[in-house]
Amino acid sequence: MARSPGRAYALLLLLICFNVGSGLHLQVLSTRNENKLLPKHPHLVRQKRAWITAPVALREGEDLSKKNPIAKIHSDLAEERGLKITYKYTGKGITEPPFGIFVFNKDTGELNVTSILDREETPFFLLTGYALDARGNNVEKPLELRIKVLDINDNEPVFTQDVFVGSVEELSAAHTLVMKINATDADEPNTLNSKISYRIVSLEPAYPPVFYLNKDTGEIYTTSVTLDREEHSSYTLTVEARDGNGEVTDKPVKQAQVQIRILDVNDNIPVVENKVLEGMVEENQVNVEVTRIKVFDADEIGSDNWLANFTFASGNEGGYFHIETDAQTNEGIVTLIKDGPGVVAQACNPIPALWEAEEGGSRGQEFETSLANMVKPHLYY
């Protein structure tokens with residue numbers, strides 16, 4: 001049946017697409033005029049050069065010798081012009097490291113793989129094939145061959161640190177982000193082979209469970225259990241990273257430690273050791289210590305939350321006494337700073353004092369301190 005030129009052209013395109021899909025790439029050119037329509041009979045068009053392409057990818061970790069030759073380059077100029085053609089390949093695996101991966105037959109253009117591939121070492125190879133005459137000149141334009149190395153799940157997740165350290169304030173709301181742990185997998189990124197699942201193996205103290213771990217992101221959050229630094233000031237977690245979705249297999253599993261410190265907040269008020277104190281000082285003495293007020297604060301020792309702030313509420317209107325905090329012991333130091341008629345011999349003046357935690361917001365506690373002025377004989381003229 002006769003075919004119009006247009007139908008022949010359409011048929012040729014279909015044949016070319018079919019061949020590409022089957023792994024055969026052809027350079028099909030018109031020898032007379034590239035702008036003219038291709039002839040009706042595609043088999044009459046000279047196939048200048050053809051690649052019998054390698055597989056789309058070669059799998060790592062396998063013996064690929066049974067797939068040889070994995071590629072072949074051929075030029076028909078040898079038959080057309082009676083030339084002696086020499087074939088050559090260059091690129092990674094041949095003329096560039098890693099060496100010795102591929103070998104080729106200079107007479108047939110066949111390319112063979114000789115080694116087991118490792119995707120983590122070389123994820124792909126870019127080779128260039130040449131057809132050369134007896135003088136070493138290119139007979140045709142060099143062609144590129146790209147070989148992708150297919151990944152297999154041959155690597156386990158590895159933590160980036162043996163010990164991760166983080167902190168979170170006590171009384172933090174539920175689902176507060178504490179920190180993030182991280183592991184890496186050398187398999188191909190963004191595939192199931194490199195997917196990592198995290199899990200808490202143990203928690204110390206074990207109860208109650210105050211943290212949970214997002215198995216996909218490695219983020220650690222607080223649970224609805226309230227953190228109390230005065231009860232537990234730190235926690236130690238043992239975590240693991242598994243392949244895929246965390247299925248239990250016989251493959252080795254890497255573990256790491258997570259140390260979380262609970263940060264103090266000002267949630268405790270100072271408690272006085274004795275609500276009534278007595279102090280004695282000789283008359284005519286100034287800038288002397290009268291007494292010390294001992295208090296207990298459950299907040300972190302040495303922190304601003306722990307330090308008490310002492311103030312006089314009443315009884316020191318004359319300004320005879322001064323009170324300050326000893327930063328080492330958290331005691332209130334009461335000092336007589338001036339003498340005068342306001343300090344009466346043998347008089348006992350109750351001095352109610354209000355004190356509270358320094359950072360504000362804590363309730364104060366009142367107590368009385370009796371300061372007695374010891375009298376020595378004094379002669380007035």
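The values are calculated or read from the model by the stated rules, or taken from the named source; none is laboratory data. What you are looking at is a predicted structure, and each value in this text was computed from that prediction instead of being measured. Every residue, glycine as well, gets a Cβ built from its backbone with ideal geometry; the counts of neighbours run over all protein chains shown. Heavy atoms of the whole protein, side chains included, go into the accessibility calculation; ligands, DNA and RNA do not. Shrake-Rupley method; radii C 1.70, N 1.55, O 1.52, S 1.80 Å.
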In the stretch 165-184, what residues are part of a strand (DSSP E or B) and over 20 Å from Asp243 (Cβ atoms)?
Val165, Gly166, Ser167, Val168, Glu169, Leu177, Val178, Met179
Meets criteria (hydrophobic (A, V, I, L, M, F, W, C) and open to solvent by 60 Å² or more (accessible area, probe 1.4 Å)) for Phe124
yes
What number goes with the only condition from (1) open to solvent by less than 70 Å² (accessible area, probe 1.4 Å); (2) farther than 30 Å from Glu188 by Cα that Asn137 does not pass?
(1)
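Could you check how many residues of the stretch 119-150 are of a type in the set (Lys, Arg) and in a strand (DSSP E or B)?
2
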Output the residues belonging to the stretch 218-241 that are surrounded by 13 or more Cβ atoms within 10 Å (Cβ to Cβ), among the hydroxyl-bearing types (Ser, Thr, Tyr) and in a loop (DSSP other than H, G, I, E, B).
Thr223, Thr226, Ser233
Hey, Ile262 in contact with a strand residue (DSSP E or B) (Cβ under 7 Å, 6 or more places away or on another chain), open to solvent by less than 10 Å² (accessible area, probe 1.4 Å) and closer than 13 Å to Lys180 by Cβ or not:
no
Residue check for Gln285: at pLDDT 95 or above and either farther than 20 Å from Phe211 by Cβ or of a type in the set (S, T, N, Q) (or both)
no
Selection within the stretch 242-258 - in a strand (DSSP E or B), closer than 12 Å to Tyr198 by Cβ and open to solvent by 70 Å² or more (accessible area, probe 1.4 Å):
Lys254, Gln255
Looking only at the stretch 186-195, decide whether some residue is crowded, with 18+ Cβ neighbours inside 10 Å and either under 20 Å from Leu263 (Cβ atoms) or of a type in the set (Ser, Thr, Tyr) (or both).
yes
Only one of Glu278, Glu300 is among the acidic types (Asp, Glu) and in a strand (DSSP E or B), namely Glu278
Just to check your reading of the model, which residue among Asn153, Asn112 is outside any loop (DSSP other than H, G, I, E, B), open to solvent by 40 Å² or more (accessible area, probe 1.4 Å) and either touching a residue at least 40 places away in the same chain (Cβ under 8 Å) or touching a Leu at 6+ places or on another chain (Cβ under 6 Å) (or both)?
Asn112
